[in-house]
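Here the structure is laid out as structure tokens; the discussion comes afterwards.
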Amino acid sequence: MQRVLIDTDPGVDDAFAILLAMRSPELKVEAIITVCGNTPVAQATQNLLTILGVLDLDEFPAIAQGAAEPLVKQLVTAAHVHGEDGLGNTSQLRCADGNLLYAPADIEMSPLSGVDLILEMAARYPDELIIVTLGPLTNIAKAIRKDAAKMRRLQKIVVMGGAFEEYGNVTTTAEFNIFVDPHAADEVFHFGVPIHIAPLDATHQVVLTGERLHAEVDKHDNKISSFLKDSTQACMEFYRQHVGFWGFHIHDALPIGILTHPEHFESVDAYVQVETAGVLTDGMTVADLRRERRHPNPNAQVCIKVAAEAFLDHFFKRLH
Ligand code: BDR
Ligand code: CA
């Protein structure tokens, strides 16, 4: 069993990742921290409670709210992809009796700040805790700045972010999570704990079409299935208009798969840096992945290949 802390900005694909993680017996999700990104952080926290409300849980992870602003830049959100509320507008859906269709889980937030809860967990599980980041790396950089000694005892950090031999999804060169807070990402990548990155190069290999999603969820009449269908409508429409297919990429689910089913993923060692000064290339992740040019002192593993069908099969098995 692997102890994980998830740092997230939910986000439709964050929701898929959190549901998958909570359903994975290989993982024990000890805490979930929110961060600004797809939405402002208060909405991200609200969305997290909605996602946890979809699961029928007796015991919840510790929950805390993290950073409201990136370290240096102004916040950029992604409501145009994930819907006004960041969760495909599921927060507005009501049952016939007027009650919310997806009511938030009734759980108490930790009295600690997001950064302090990260540090508390790192200290409680030294050399064991794995942090999985599904949003900008602001909270992690702040935790490192506040208490580097505790953060050095992390087992590793698994990051969804970056684009290497693939175009970006915010600008030509930058992926969203890194673009929102490139300064934080650069600090985290150079910190020295093992980093495993699932960039767009990998996440774009897993294409979940609307047809496949609907066929899978229609097999089951339960809350998770209806949530997967309802929450993805807006973002699949965005993909139809702007990406070229009806469906979407479940980016944030990949780091969870890397932990539970490493055999489906192939990675290479690389020295990863983040552009923080460029005008055209702000937030670009830079690394030479060519075998003959590999850096002698890599700071990360970069996932370059996914057995997409196997991963999707596993994903739907776990969520049913
Ligand atoms: C990343 O950006 C966000 O919009 C998604 O939730 C994912 O974490 C993909 O670039
Ligand atoms: Ca995300």
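Values quoted throughout were computed directly from the atomic coordinates according to the rules given, and no laboratory measurement underlies them. For clarity, every value in this text was computed on a predicted model and none was experimentally measured. Every residue, glycine as well, gets a Cβ built from its backbone with ideal geometry; the counts of neighbours run over all protein chains shown.
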Checklist entry - For Met109 and His220, what does the FRET efficiency come to when R0 = 41 Å and r is the distance between their Cβ atoms, rounded to the nearest 0.05? => result 0.85
Checklist entry - Leu137's amide H: which non-local residues (gap 5+, or another chain) put their own amide H closer than 5 Å, with H modeled 1.01 Å from N in plane and none for Pro or chain starts? => result Asp181, Ala185
Checklist outcome for this item: Once amide hydrogens are built 1.01 Å from N within the peptide plane, the residues lying 5 or more places from Leu154 or on another chain with amide H under 5 Å from its amide H are Asp127
Checklist outcome for this item: Per the helix-only model, the chain has a calculated mean residue ellipticity at 222 nm (DSSP H runs of ≥4, -39500 (n - 2.57) each, divided over all residues, rounded to the nearest 500) of -10500 deg cm²/dmol
Checklist entry - If you build a Gaussian network model of the chain, linking Cα atoms that sit under 10 Å apart, which residue out of Thr77, Thr34, Thr232 swings the most? => result Thr77
Checklist outcome for this item: Simple spin-label estimate for Ala68/Asp288, 7 Å along Cα→Cβ, in nm, reads 4.5
Checklist entry - So which residue, out of Gly37, Gly66, Gly278, gets the largest mean-square fluctuation from a GNM of the chain using Cα contacts under 10 Å as springs? => result Gly278
Item to check | Added length on full extension, which subtracts the Cα-Cα distance from 0.36 nm per residue, Val76 to Asn99 | outcome: 5.1 nm
Next on the checklist: Over the chain, with a Gaussian network built from C-alpha contacts below 10 Å, which listed residue (His242, His196, His251) shows the highest mean-square fluctuation?
Outcome noted: His242
Item to check | Dipole-positive endmost among Ala78, Ala105, Leu52 within segment 7-108 (Cβ charges, Cα centre) | outcome: Ala78
Checklist entry - From a point 7 Å beyond the Cα of Arg212 in the direction of its Cβ, which residues of segment 275-317 have a backbone N at a distance under 20 Å? => result 303-317
Next on the checklist: Under a Cβ-only charge scheme (Lys and Arg +1, Asp and Glu -1), can you give me the dipole magnitude of segment 1-149 about the Cα centre, in debye to the nearest 20?
Outcome noted: 400
Next on the checklist: Report the number of Lys pairs in the chain whose alpha-carbons are under 29 Å apart, with separation of 8 or more residues or on distinct chains.
Outcome noted: 24
Checklist entry - Using θ = phi - 60° and the Karplus form 6.51 cos²θ - 1.76 cosθ + 1.60, what ³J(HN,Hα) does each residue of segment 108-119 get, whole Hz, x for Gly and Pro? => result 7, 6, 4, x, 7, 6, x, 4, 5, 5, 4, 5
Checklist entry - With θ set to phi - 60° and the Karplus curve 6.51 cos²θ - 1.76 cosθ + 1.60, what are the ³J(HN,Hα) couplings of segment 282-288 in order, to the nearest whole Hz, using x for Gly and Pro? => result 3, x, 6, 8, 10, 7, 9
Checklist entry - So what's the gap between the Cα centers of segment 1-41 and segment 97-161, to the nearest angstrom? => result 9
Item to check | Antiparallel content of DSSP bridges confined to segment 2-318, in %, to 5 | outcome: 35
Next on the checklist: Counting other C-beta atoms within 10 Å, and keeping those with at most 14, which DSSP coil trypsin sites (Lys or Arg not before Pro) do you find in segment 96-201?
Outcome noted: Arg153
